[in-house]
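Scroll down for the structure; my scribbles are underneath it.
The values are calculated or read from the model by the stated rules, or taken from the named source; none is laboratory data. Quantities reported herein were computed from a predicted structural model and do not represent experimental measurements. Methodologically, a virtual Cβ is constructed for each residue, glycine included, from the backbone with ideal geometry; neighbour enumeration extends over all protein chains shown.
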Amino acid sequence: MSAIVTLRASLTFVAVCLASSGGWTRPAKAGQQSQEATKPPASQNAKATTPSSADGDYVGSEICVACHEDQQRRFKNTIMGKIMEHPRNPLEARGCESCHGPGRAHVEAGGGKDTIPIRFGKDSPNSVAEQNAACEECHSRGTHLFWKGSPHESRGLACVDCHQVKQEVHEALSADARYSAPLTENKGVKKSQPELCLQCHPMRRAQLQRSSHMPYREGKVTCTSCHNPHGSPNPSQLIQSSINENCLSCHTERRGPFLWEHPPVLENCANCHEPHGSNNPQLLKVRMPRVCDSCHDSSRHPTQAQPLSSIKNFNRGCTNCHSYIHGSNHPSGNAFLR
Amino acid sequence: MNTRHLKQFGVFALLILLSSPRMLAQQDAKDQTKDQKTEPKKEQSQSEQMAHGSVEFGVRLATGDVYGRPDLQNGQCLGCGTPFDPTLKTSKFNEYGDVRDGFYVPRFDIHFDNLLGSRNYFSLLSQKAVYRDQSYLATFGQYGKFKVQFRYDQIPHIYSNTTRTLYTQTSPGVWSFPAGIRAELQAAVPANLPSLMAGTGSFTGQGVVTNFNFITPSILRRAGTILGSYDLSAKWNLAASFWRESQKGVRPIGLIMNSSPSASATSGFGMELPETINYYNNLVRVGTDYGTRAWSLQASYVGSFLQNNVDALTWDNPFRLTNETITTPLTGRMDLYPNNQANYIVVAGATNITKYARFMASISPGWLRQDAAFLPYTTNTAINTCGNGTQACTSLSVLPAPSLSGSRQTLAMNYTIASTAWKNVELKATYRQYDSNNNTPTRTFTPVEGDASAPGPQENTLFGFNRKDLEASGEWFFAKKSSVKAGYLAEWMDRTNRDVAHSMENSFFTAVDWTPIKDLLIRASYRYSDRNPNVYQDPNASDPQTGAPVPCTDTTNVSFTADQRCLRRFDESARLRNRADGLVEYSPTDKLTLSAFAGTIQDNYNRTGSNRPTPLNFLTGPAATVGPYYLYGMLKDLSYNYGFDADYALSPQVTLFAEYSYERYHKRMITRYRTPPGTGQDILTCAGCDSPNNDWESVAQEPVNIYTIGTDTHFGKRIYFSAYYSLSAGKGNVFSRPLGDPTITTGTNDFLLTGTNAAVNYPETVNRSHEVVVVFKYKLTENLYPKFEYRYQQWDYKDYQTSPMTQYMGCVSPIPNGPPPPPNAVPGCTTPILTSNTPNPVGVPSPYYPYFTVGDPSSARYLFLGVDQPSYHAHTFIATLEYRF
């Protein structure tokens, strides 16, 4: 298929969709608790999930702080708190109510959790979709563009399952004892990576213990080095368009194009490698020569089982000789020997 | 004062400087103190205490031992002359780290808001300052407005600490071997080479290996990133970044000077070298994104440029100094990875197309280019069969082009519609396409393999593929945190110049998330996939006379095909995949959380369809040694895992945790031992050349058990204690066995899997990693937190592929029960070398690796680096003081 033709057709399709959506001319009103693109509310407290409210229902953060000074003290030190100190739009100017919804009913009732329109966390009466919708009011672009329909969204993860909004979370003491993590400004997650992700992906924790691994335990790469947990259009929520593009973003020397190419390498690094860790050398799924034997049964090599005495077996196996197995640009590199 | 001390002094001075910001924060501190006085019962949040950051500094000491290589212990270095004790600091313990003794700054974190009365902030974070694994992150900006950020990160990577070589790098990428030794080796009688190399027998005390020097192959990545981000409004952002990474060092690479190291008894030289690495990676990213709740759009350009400063590796043939012939080159030359560039445009958007539906799309075309100048075919002046068949292969002029003009275009497209048209139901449809077109010119070359063999003209092959996925799924949210999902995925794969031109995979999947009670979550998912190629035809499974393809089903063609007919490559062939995962989380009380998980992926390639419709087994019925198989290559690829986690809070101050997981990998393949028939023969007239009686099976199995147990404990508000122990215990086995009838010793079906061709098991590999960590932290004052940390790490590693490695060898044989050699010792290593006995009897174990014989089969000449990562145990003590200001 011609890539250009496909690209043109795609652009046309996108343009038609965008034009028909009215989205270009119908931006959401700031501060409105839109139900668009959110799951329908579950049968929860109807009062607490009123989708839109008149401006008169907002009381302002000053009123909230009168009773919730402690929360305010913590919140003001977070990035969100600091942004809202100097709001850029009416939504941010609403402070507490930009996330929790209008507070008049809460104030008039003299407090009480049941009168808070949107509450977050495990004990919230709001559905996950309702909680997330409050976050999406601001966080719907950039890395969150593909949140809708993403694996984490469809498995019912709430933003607050991973993120802590009310206060900055500093590195837990116990994190000193487990894994390191790359430096990050983002202190709004409940735990440092990778611990945060490993809570739900326990097998990855096991794989990271393997002897052959990327510098993951050492805190040089982490889950979000390759994956976007907020959703991506790519397989396995990868940041790049394909597995190979992801791997080659660091291993650029293996990108080519080469004069002599090894087709399974070209298609998918994971044909031979297990990126999350392996007990075989070079993150191989199975050690040499078997990883090569799986596909190669040719007349140029003896095709016996390669007793241990063979140079095809010990040291680096097949790559003792075929060292540029990822592709060669040498005019004599047709067998990846050069 | 040496450099190290200078660095430490620098860090100390930096800390003094860093402490000065406290003065800036003095007013805040006073305010805080006042608050504490006025509200003594109100617990101060940690975030407030760290409003301006922290510095942790102290001392570190690591001690331990590297073991498992008795041959390399100090004073026991048999045959290597120079006593050597592999050090802990260059062992696997430090593979990606830099654990050294002395002053240590694990981290600092400084943050200033409202700089000089403005709304700007500045933050500086660091980890492991000054050491080779250091990283820094500095940010200046205004929240919600702009940000300028600089990141610097170093990643060391040590490959081995048992490496020795006589090669020295005389200029970048040029490795020389001492001429005197080359002359000596060239003059030696082949039978004397093992003794001459090892310094045994009549050459005691004068072995070549004796002179080898120890090196530590390693690379260091240094990466700096500068990023600028500006928010035009809350909805609109502009961002640009530049990342530049330097990779420098050496890593082991294997090279041969022939088409095979065992091509003949007089040639087939091979050597392992330190490959010179000197790369620069450059990445430019410029983009913008605009988003409202209803629609978002983003566009960016990404450019990635690799610059390799050493484009070739040149080395001496250690076994030859003069008299170059076609099969005995004096030097070799390798083309290292060429400069390349990739440019991508990424456009993505999302919009609500109706009240209940959202459309998301991304389109990313990419252009990959590579046009580095070619090297000549060889450095071997004796070869003159290039170009038109009579031209010198050392000349650039005989190449069909000066460079590749390599060009590949990619196109990634994704379109998704997610809809919530009905209450509690979400529907989703996705179309995804990835296209990779190779637009590189096709040319005919006359390669010289290994600088010593010129098999004839060959044309480069252009591979490409196009993958299309269409997915539709529906999910019903039947209760809070409970849903049922079902869907279908179709994947079409089109390939250029591979065995399968077109295949399709149909997948059905379902998932259930169920929260029957508040504290119980049950998750389960299952996926069934069936991949079928339209036709599977390996282009190398063709009649050598006519070139006509020989299909798997053909039972009449008696030609010996280059590839085994019915060989199937697992990434293209028919496959049935079953995948299931489950997770249960239960928190019966606030104190206890239990979770258990299990999963399996089962790939079955042993099917009919595009394979053979009837079994390929030679022995059938009661005599069958294995179940029916319909292809050669991978038959099964299975993995299983299960485990559990438990967290129990004995009290608000004491938490215990335990984790266990088990994994098992199982891969099974079947292939055939084949040898080309002699001239005028075919597979029916040659004894056992291509007979199913020489089929053999191999199974690779890896069980891994992982245990962790620990506690997090707070004693009052001042003392924190954490301790845990973990063990990751893995084993690896490769079992192999013949499937035919060994009693047939003549004729077409002659059983040949005997002697050095026998299909035998490989020795078990062992991989056990223990870790004990104890952390004790004390809150001395509001600002001072002394901490003591102890780590014990032990890694036991035994791998038949690397543990026996020494600098000169041609074979390895295990001696399962130790000396004397049992009758079932694997044959093939009949001329042991580097033994402590003279003369060298067959089967005497190598001092380098007990129960193994290291030998020279007299047909290969290979100088290795001896790359291994021996076992170690290490104690690390860290005492630090964290100062929060």
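Looking only at the stretch B:111-146, how many residues end up being of a type in the set (Ser, Thr, Tyr), touching a Lys or Arg at 6+ places or on another chain (Cβ under 9 Å) and within 10 Å of another protein chain (Cβ to nearest Cβ)?
Here is the first cut: in the stretch B:111-146, the residues of a type in the set (Ser, Thr, Tyr) are B:118, B:121, B:123, B:126, B:131, B:135-136, B:139, B:143.
Add one more test, that the residue is touching a Lys or Arg at 6+ places or on another chain (Cβ under 9 Å), and what stays is B:121, B:126, B:131, B:135-136, B:139, B:143.
Now narrow it down to the ones that are within 10 Å of another protein chain (Cβ to nearest Cβ): B:121, B:126, B:135-136, B:139, B:143.
Total meeting the criteria: 6.
Count of the stretch A:273-288 residues, restricted to those that are buried (at least 23 other Cβ atoms within 10 Å of the Cβ) and either free of Cβ contacts under 8 Å to residues at least 24 places away in the same chain or in a loop (DSSP other than H, G, I, E, B) (or both), is 5. Test B:VAL284 against the stated conditions and say whether it is in contact with a strand residue (DSSP E or B) (Cβ under 8 Å, 6 or more places away or on another chain), surrounded by fewer than 19 Cβ atoms within 10 Å (Cβ to Cβ) and more than 30 Å from A:ALA133 (Cα to Cα). Yes: the conditions hold for B:VAL284.
Test B:GLY291 against the stated conditions and say whether it is touching an Asp or Glu at 6+ places or on another chain (Cβ under 9 Å), within 8 Å of another protein chain (Cβ to nearest Cβ) and crowded, with 18+ Cβ neighbours inside 10 Å.
Values: touching an Asp or Glu at 6+ places or on another chain (Cβ under 9 Å): no; within 8 Å of another protein chain (Cβ to nearest Cβ): yes; crowded, with 18+ Cβ neighbours inside 10 Å: yes.
Against the criterion (touching an Asp or Glu at 6+ places or on another chain (Cβ under 9 Å), within 8 Å of another protein chain (Cβ to nearest Cβ) and crowded, with 18+ Cβ neighbours inside 10 Å), B:GLY291 does not qualify.
Here B:ASP543, B:ASP571, B:ASP603, B:ASP590 are screened, and the one residue that is within 20 Å of B:ASP682 (Cα to Cα) and among the charged types (D, E, K, R) is B:ASP543. Would you confirm whether or not the stretch A:210-222 contains a residue that is touching a residue at least 60 places away in the same chain (Cβ under 8 Å), surrounded by fewer than 19 Cβ atoms within 10 Å (Cβ to Cβ) and out of contact with any Gly (no Cβ under 6 Å at 6 or more places or on another chain)? Checking the stretch A:210-222: at least one residue is touching a residue at least 60 places away in the same chain (Cβ under 8 Å), surrounded by fewer than 19 Cβ atoms within 10 Å (Cβ to Cβ) and out of contact with any Gly (no Cβ under 6 Å at 6 or more places or on another chain).
Sort out which residues of the stretch B:564-583 are at pLDDT 95 or above, assigned to a strand (DSSP E or B) and hydrophobic (A, V, I, L, M, F, W, C), and write them in order of number. B:LEU576, B:ALA580 - these are the residues of the stretch B:564-583 that are at pLDDT 95 or above, assigned to a strand (DSSP E or B) and hydrophobic (A, V, I, L, M, F, W, C).
In the stretch B:671-786, which strands (runs of 3 or more DSSP E) lie fully inside it and hold 1 or more residues that are free of Cβ contacts under 8 Å to residues at least 40 places away in the same chain and in contact with a His (Cβ under 8 Å, 6 or more places away or on another chain)?
Details: elements: B:695-715, B:719-738, B:765-778.
Filter on the stretch B:671-786 gives B:695-715.
Within the stretch A:293-308, being surrounded by 21 or more Cβ atoms within 10 Å (Cβ to Cβ) and either under 35 Å from the mean Cα position of the chain (by Cα) or in a loop (DSSP other than H, G, I, E, B) (or both) holds for A:SER294, A:CYS295, A:ASP297, A:THR303, A:GLN304, A:ALA305, A:GLN306, A:PRO307, A:LEU308. If a residue has to be of a type outside the set (A, V, I, L, M, F, W, C), surrounded by 23 or more Cβ atoms within 10 Å (Cβ to Cβ) and assigned to a loop (DSSP other than H, G, I, E, B) to count, how many in the stretch B:324-345 make the cut? Summing the residues that are of a type outside the set (A, V, I, L, M, F, W, C), surrounded by 23 or more Cβ atoms within 10 Å (Cβ to Cβ) and assigned to a loop (DSSP other than H, G, I, E, B) in the stretch B:324-345 gives 3.
Could you list all residues from the stretch B:428-468 that are within 7 Å of chain A (Cβ to nearest Cβ), of a type outside the set (Ser, Thr, Tyr) and not in a strand (DSSP E or B)? If the condition is that a residue be within 7 Å of chain A (Cβ to nearest Cβ), of a type outside the set (Ser, Thr, Tyr) and not in a strand (DSSP E or B), then B:PRO447, B:VAL448, B:GLY450, B:ASN460, B:PHE463 are the ones that fit.
Take the residues of the stretch B:413-427 that are more than 7 Å from chain A (Cβ to nearest Cβ) and β-branched (Val, Ile, Thr): which is nearest to the chain's Cα centre (by Cα)? Show your work before the answer.
Filtering the stretch B:413-427 for residues more than 7 Å from chain A (Cβ to nearest Cβ) gives B:415, B:417, B:419, B:421-422, B:425, B:427.
Right, trim to β-branched (Val, Ile, Thr) and you get B:417, B:425.
Details: B:ILE417: 36, B:VAL425: 41 Å.
Filtering the stretch B:413-427 for residues that are more than 7 Å from chain A (Cβ to nearest Cβ) and β-branched (Val, Ile, Thr), the one nearest to the chain's Cα centre (by Cα) comes out as B:ILE417.
A:GLY149 meets each of the listed conditions (1) more than 20 Å from B:ASP712 (Cβ to Cβ); (2) crowded, with 20+ Cβ neighbours inside 10 Å; (3) at pLDDT below 85; (4) not basic (Lys, Arg) apart from (3). Inspect all residues belonging to the stretch B:365-387 and state whether any of them is modelled with pLDDT under 95, under 30 Å from B:SER453 (Cβ atoms) and in contact with a helix residue (DSSP H, G or I) (Cβ under 7 Å, 6 or more places away or on another chain). Yes - at least one qualifying residue is present in the stretch B:365-387.
On the basis of being outside any strand (DSSP E or B), closer than 30 Å to B:GLN186 by Cβ and within 8 Å of another protein chain (Cβ to nearest Cβ), does B:TYR377 make the cut? Write out each step before concluding.
Working: outside any strand (DSSP E or B): yes; closer than 30 Å to B:GLN186 by Cβ: yes; within 8 Å of another protein chain (Cβ to nearest Cβ): yes.
When the stated conditions are applied, B:TYR377 passes them.
Count of the stretch B:230-261 residues, restricted to those that are within 12 Å of chain A (Cβ to nearest Cβ), surrounded by fewer than 17 Cβ atoms within 10 Å (Cβ to Cβ) and hydroxyl-bearing (Ser, Thr, Tyr), is 1.
Across the stretch B:312-361, the number of residues qualifying as in contact with a strand residue (DSSP E or B) (Cβ under 7 Å, 6 or more places away or on another chain) and over 30 Å from B:PRO274 (Cβ atoms) comes to 17.
B:ARG164 meets all of the listed conditions (1) over 29 Å from the mean Cα position of the chain (by Cα); (2) of a type outside the set (Ser, Thr, Tyr); (3) crowded, with 18+ Cβ neighbours inside 10 Å but one, namely (1).
Within the stretch B:580-594, residues that are under 30 Å from B:LEU638 (Cβ atoms) and touching a residue at least 12 places away in the same chain (Cβ under 8 Å) reach partners that are exposed (fewer than 14 other Cβ atoms within 10 Å of the Cβ) and not β-branched (Val, Ile, Thr) with beta carbons closer than 8 Å, at six or more positions or on different chains, in the pairs B:LEU594/B:PRO588. Would you be able to say whether some residue in the stretch B:309-319 is within 14 Å of chain A (Cβ to nearest Cβ), crowded, with 21+ Cβ neighbours inside 10 Å, over 22 Å from A:SER241 (Cβ atoms) and among the hydrophobic types (A, V, I, L, M, F, W, C)? Within the stretch B:309-319, one or more residues are within 14 Å of chain A (Cβ to nearest Cβ), crowded, with 21+ Cβ neighbours inside 10 Å, over 22 Å from A:SER241 (Cβ atoms) and among the hydrophobic types (A, V, I, L, M, F, W, C). Of note, A:ASN320 satisfies the criterion of being over 29 Å from the mean Cα position of the chain (by Cα) and either within 30 Å of B:GLY688 (Cβ to Cβ) or surrounded by fewer than 22 Cβ atoms within 10 Å (Cβ to Cβ) (or both). Taken residue by residue, the stretch B:346-361 has no member that is modelled with pLDDT of 95 or more, in a loop (DSSP other than H, G, I, E, B) and either more than 31 Å from the chain's Cα centre (by Cα) or not aromatic (Phe, Trp, Tyr) (or both). Only one of the listed residues (B:ALA598, B:ALA548, B:ALA574) is within 14 Å of chain A (Cβ to nearest Cβ) and in contact with a strand residue (DSSP E or B) (Cβ under 7 Å, 6 or more places away or on another chain). That residue is B:ALA598.
Can you tell me which residues in the stretch B:358-368 are more than 7 Å from every other protein chain (Cβ to nearest Cβ) and crowded, with 20+ Cβ neighbours inside 10 Å?
Pass one, the stretch B:358-368, residues more than 7 Å from every other protein chain (Cβ to nearest Cβ): B:366-367.
Scanning the stretch B:358-368 gives a single hit, B:GLY366.
Got at least one residue in the stretch B:519-526 being modelled with pLDDT under 95 and crowded, with 18+ Cβ neighbours inside 10 Å? Checked the stretch B:519-526: at least one residue is modelled with pLDDT under 95 and crowded, with 18+ Cβ neighbours inside 10 Å.
Go through B:VAL734, B:VAL766 for me and flag whichever is among the hydrophobic types (A, V, I, L, M, F, W, C), at pLDDT 85 or above and touching a Phe, Trp or Tyr at 6+ places or on another chain (Cβ under 6 Å). Working first, answer last.
Details: B:VAL766 fails: touching a Phe, Trp or Tyr at 6+ places or on another chain (Cβ under 6 Å).
Every option except B:VAL734 fails the conditions.
Within the option set A:CYS269, A:CYS247, being surrounded by 19 or more Cβ atoms within 10 Å (Cβ to Cβ), touching a Cys at 6+ places or on another chain (Cβ under 6 Å) and under 27 Å from B:TYR800 (Cα atoms) holds for one residue only, A:CYS269.
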